[in-house]
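What follows is a single structure, written as structure tokens, with notes after it.
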Amino acid sequence: MSAPETHMTEMLATKAEAKNLNFYYGDFKALKSISMPVHERKVTALIGPSGCGKSTFLRCFNRMHDLYPGNRYEGEIRLQPDNTNLLAPTVDPIEVRMRLSMVFQKPNPFPKSIFENVAYGPRIHGLAKSKDEMREIVEASLKRASLFEEVKDRLHDPATGLSGGQQQRLCIARAIAVDPEIILMDEPCSALDPIATARIEELIEELRQRFCIVI
């Protein structure tokens, strides 16, 4: 195999794969026999009309449907490199959500400071051993989310005081602070104006150099 072919194979490495996935809201079958991969360091975009199942499929990855009674899965979603079936009954949904972060349609900052919003995940997962390490994680995440320069002088101000676009970038910073294996984005720009949307789209292009993204 030549060097260019090897490089392409690495770029298309599968990070997760749905296999014969069905999903039911009670008796209603919302997803039917979906099999598809998502690739490492790529953006996989789900496109289709309203109500066709895009969000339903996305939320299967981090088991958000488990929060409501009557929902059930059939099939598998395999996460690499350990080949874990994310839908297996023996797999703890909380552990799944530690490995996959989600950004929602509308910005949903916690009623805390900008700093504490980003620090929340690393703190509960024990990712920082000191205040200095926590500060480094928060600053690095805000920089990756292209927000640090705008908020560096007011990190302890309420996050709710940010604009809509800034709040969404804060939510992205919060999502990447735990160094997830996959970032799930459920129409992250639908509630934003065109300028803020363009910023988020540029940010997604930067983030895919490091993360697997499904949107």
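The values are calculated or read from the model by the stated rules, or taken from the named source; none is laboratory data. As the structure is a prediction and not an experimental result, all values here were calculated from the model. Cβ coordinates were reconstructed from backbone atoms using ideal geometry, including for glycine residues, and neighbour counts include every protein chain displayed. Note: accessible area is taken over every heavy atom of the protein model, side chains too, but ligands, DNA and RNA are not part of it. Shrake-Rupley method; radii C 1.70, N 1.55, O 1.52, S 1.80 Å.
Over all alpha-carbon pairs of the chain, lay out the pair-distance distribution in 5 Å bins, whole %, shortest bin first.
Once binned at 5 Å, the Cα pair distances of the chain give 1, 7, 14, 18, 18, 16, 13, 9, 4, 1, 0.
With +1 on each Lys and Arg Cβ and -1 on each Asp and Glu Cβ, and nothing else charged, work out how big the dipole of the chain is about its Cα centre, in Debye to the nearest 20.
Its charge dipole is roughly 360 debye.
Which whole-number percentage describes the relative contact order of the chain, with Cα contacts under 8 Å and a sequence gap of 6 or more?
RCO, the chain: 24 percent.
What are the ³J(HN,Hα) values, in whole Hz, obtained from phi via the Karplus relation 6.51 cos²θ - 1.76 cosθ + 1.60 with θ = phi - 60°, for each residue of the range 83-99 in sequence order, with x given for Gly and Pro?
Once rounded to whole Hz, the list reads 6, 5, 7, 4, 9, 5, x, 7, 8, 6, x, 5, 5, 4, 6, 6, 8.
From the phi of every residue in the range 154-171, what ³J(HN,Hα) in whole Hz does the Karplus formula 6.51 cos²θ - 1.76 cosθ + 1.60 yield, where θ is phi - 60° and glycine or proline is x?
9, 4, 9, 7, x, 5, 5, x, 7, 5, x, x, 5, 4, 5, 5, 5, 5
Stick to Cα atoms and the Kirkwood definition of Rh, then tell me Rg/Rh for the range 72-128.
Result for the range 72-128 is an Rg/Rh of 1.06.
If THR84, THR160, THR90 are ordered by their accessible area, calculated over protein heavy atoms with a 1.4 Å probe, which sequence runs from highest to lowest?
THR90, THR160, THR84
Report ³J(HN,Hα) in whole Hz for each residue of the range 200-206, in order, from the Karplus equation J = 6.51 cos²θ - 1.76 cosθ + 1.60 where θ = phi - 60°; Gly and Pro get x.
5, 5, 5, 5, 4, 4, 5
As an exercise, identify the trypsin sites (Lys or Arg not before Pro) in the range 117-146 lying in DSSP coil whose Cβ has no more than 13 other Cβ atoms within 10 Å. Numbers along the way, then the final one.
Details: sites: ARG123, LYS129, LYS131, ARG135, LYS143, ARG144; in loops: LYS129.
Answer in residue order: LYS129.
Arrange the residues CYS171, CYS52, CYS189 by how much accessible surface each exposes, largest first, with a 1.4 angstrom probe.
Numbers: CYS171 5, CYS52 65, CYS189 25 Å².
Sorted descending by solvent-accessible area, the residues read CYS52, CYS189, CYS171.
Per 0.36 nm of contour for each residue apart, how much would the distance between LEU127 and THR90 grow if the chain were fully extended, relative to their Cα-Cα spacing?
So the chain would gain 10.8 nm between LEU127 and THR90.
Extension gain GLU139-ASP27, at 0.36 nm per residue separation less the Cα-Cα distance, in nm?
Difference between extended and current length: 35.7 nm.
What is the antiparallel percent of DSSP beta bridges lying wholly in the chain, to the nearest 5?
Of the beta bridges lying entirely in the chain, close to 70 percent run antiparallel.
Using amide H atoms built in the peptide plane, which far-off residues or other-chain residues are under 5 Å from CYS212 H to H?
Result for CYS212 returns ARG41, ILE183.
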